[in-house]
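Each remark here refers to the structure printed beneath this line.
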Amino acid sequence: MKSIIECVPNFSEGKDKSIIDSIVREISFVEGISILSVDSGIDTNRTVVTMVGDIDTIGKGAYVCIKRASELIDMKNHKGTHPRLGAIDVCPFIPISGASYEDCINLSEIVGRRVGQELKIPVYLYEKSSKQPYRKKLSDIRAGEYEGLSEKILKKKWKPDFGPSQFNESSGATVIGCRDFLIAYNINLNTKDKRLATDIAFDLRETGRSKRIPNPSSKNLLDGEIVRNEDGSPIKVRGLFKDVKAIGWYVEEYGCSQVSININNHHKSTIHDIFEATCNLAENRGLRVTGSELIGLIPLDAILNAGQYYLKKQNSSLGLPQADVIECAIKSLGLNDVIPFEPKKRIIEFAIKENNLALVNISCENFLDELSRNSPAPGGGSVAAMVGAMAAALSSMVSSLNYGKKDYFEHKKLFEDIGKKAQNLKDNLKYLVDEDTHAFNRIIEVNRLPEKDEKEIKRKNIKKENAIKYAIEIPLNTAKNCFSILEIIQMIISKVNPNSISDLGVSSEIAIAAVRSACLNILINLNDISSDRYRKELISKTEKLIKNSKKIHDFNIDFVKSVIYD
């Protein structure tokens, strides 16, 4: 599998479009790099670029970005609300797929060493790349910011990991490292008072706040007297969310204050829990949350979890298309409040795929035209997966129509579970529509490999066998998913409104057709497999799948007919 690594350089320019465009253009010249988003803020005077590439290309993209920014940005003249240390303030590497933390740590060291040696910029390693525990957190390295760097860099404790141990007046310093996926998330308040936003941020962030004696004449806890230990240090009160950092600021561009939040582990601290807590904290202070915005990208599971959370609060079925769940999350979190939220550009899985022409993303008419052309792909395997996806969608429709209805309320949980499972099966099969074509194209590519000597012939034969096995695995997955559709139809067919019964019958008919069609693709590819044992094993699996599918399908159709003819 090809590696995908995300890199998110943050550079200290958010106002001059010519500088921003020049830096982004430099990155775009690196072959193999995909720029997913460019977020600039006038008040923060900062731009965040999100790009992806493989191990071999992403390091080049990071270096040219740092080099160009150091040539165009003079930190002596920089002012902005966001904390910063240099022209390229921070440059993290995040493994997305096919790459490990170790890969990204090595990459950060290679890029950091090059930046230090060739550009003469001091470089600090942070997070998982850090060599010292006190340098793990970005906030600790950045303490004192650019203005305090000239004195800080002279201290032995803060000697850079790479580059000169002297102040670079123009570029400052750069922080590079491997980290987990971070969600940069801002929540908007109906106030211009930065102190109120900061007050809420202290309650949210893991490090919390200094304990204070409340001031009875003020709702703002920052106005209270700090409670101290015997040694004079403040007593700390932990915040609500683990792995969360937060500050408050005022954004003149939007005319409101924001709670600016970094979520380092969105599984432990979810975006919707943080949003809801902020709403409650704001209300306690006589404020309102008007919405929120994402900087950069967000993982699909984070936005889906938020959508499902709000659907549950509405007592709605979760067996909805992915797009509907995402729309619920966008509206509930107010993600369109200050700038439009475009799922194809903001959700990382969608952004990575956006430039690839997927069969499932084209119109039905264009798909049929593409299918009818004199090229072998897309072919029967893609058709089987597409038909199976339709069967799953139809089953989900029936579940949703019966969910929560008075006469079928006792089956509400079952319909919700079946609806969710049908949606998952539909999405799996949508993926397999294109993957079947990709699998065929892999065989074509292998067939073009040279075979000038025995070594090349042996290597080619091994790659060809692996490519054929993958081309068998895809329709096998299609058949298994379609078998699961038949099973869920059987589970609900006796419990739905009789008016829905014909739809389940149609779903069963096309699901069994998809099973049989996918199995034909398995069998034809087995002819090119050298292992008799592998062939016999797959033939046995295929025959068993067809037999069991027919058994369930016959039950489904007999039941449908009994209701229709009753």
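I'd like to verify a number: residues in the range 374-419 that are in a helix (DSSP H, G or I) and within 30 Å of Ala471 (Cβ to Cβ), how many? Qualifying residue count for the region: 17. Annotation: Cys328 fulfils all but one of (1) at pLDDT 95 or above; (2) over 18 Å from the mean Cα position of the chain (by Cα); (3) assigned to a helix (DSSP H, G or I); the unmet one is (2). Of all the criteria given as (1) at pLDDT below 95; (2) surrounded by fewer than 19 Cβ atoms within 10 Å (Cβ to Cβ); (3) under 24 Å from Lys192 (Cα atoms); (4) in contact with a strand residue (DSSP E or B) (Cβ under 7 Å, 6 or more places away or on another chain), the one not satisfied by Asn284 is (4).
Within the range 66-77, the set of residues being crowded, with 20+ Cβ neighbours inside 10 Å and farther than 10 Å from Ala173 by Cβ comprises Ile66, Arg68, Ala69, Ser70, Ile73.
Close contacts from the range 373-394, counting a first residue that is free of Cβ contacts under 8 Å to residues at least 60 places away in the same chain and a second that is among the hydroxyl-bearing types (Ser, Thr, Tyr), with Cβ to Cβ under 7 Å and a gap of 6+ residues or different chains, come to Pro378/Thr437; Ser382/Thr437. Restricting attention to the range 227-254, which residues are in a loop (DSSP other than H, G, I, E, B) and either under 19 Å from Gly14 (Cα atoms) or among the aliphatic types (A, V, I, L, M) (or both)? Across the range 227-254, the qualifying residues are Val227, Ile235, Leu240, Glu252, Glu253, Tyr254. Of everything in the range 525-540, what is in a helix (DSSP H, G or I) and either among the hydrophobic types (A, V, I, L, M, F, W, C) or outside the structural domain of Ser399 (by TED's automatic domain parsing) (or both)? Give them in sequence order. Matches in the range 525-540: Leu526, Leu538, Ile539. Looking at the range 492-524 only, could you name the residues that are closer than 13 Å to Leu401 by Cα, assigned to a helix (DSSP H, G or I) and among the aliphatic types (A, V, I, L, M)? Residues satisfying the conditions are Ile492, Ile501, Leu504.
The values are calculated or read from the model by the stated rules, or taken from the named source; none is laboratory data. Note that the structure is predicted; figures quoted are calculated from it, not measured. In this analysis, Cβ positions are derived from the backbone assuming ideal geometry, glycine residues included, and neighbour counts consider all displayed protein chains.
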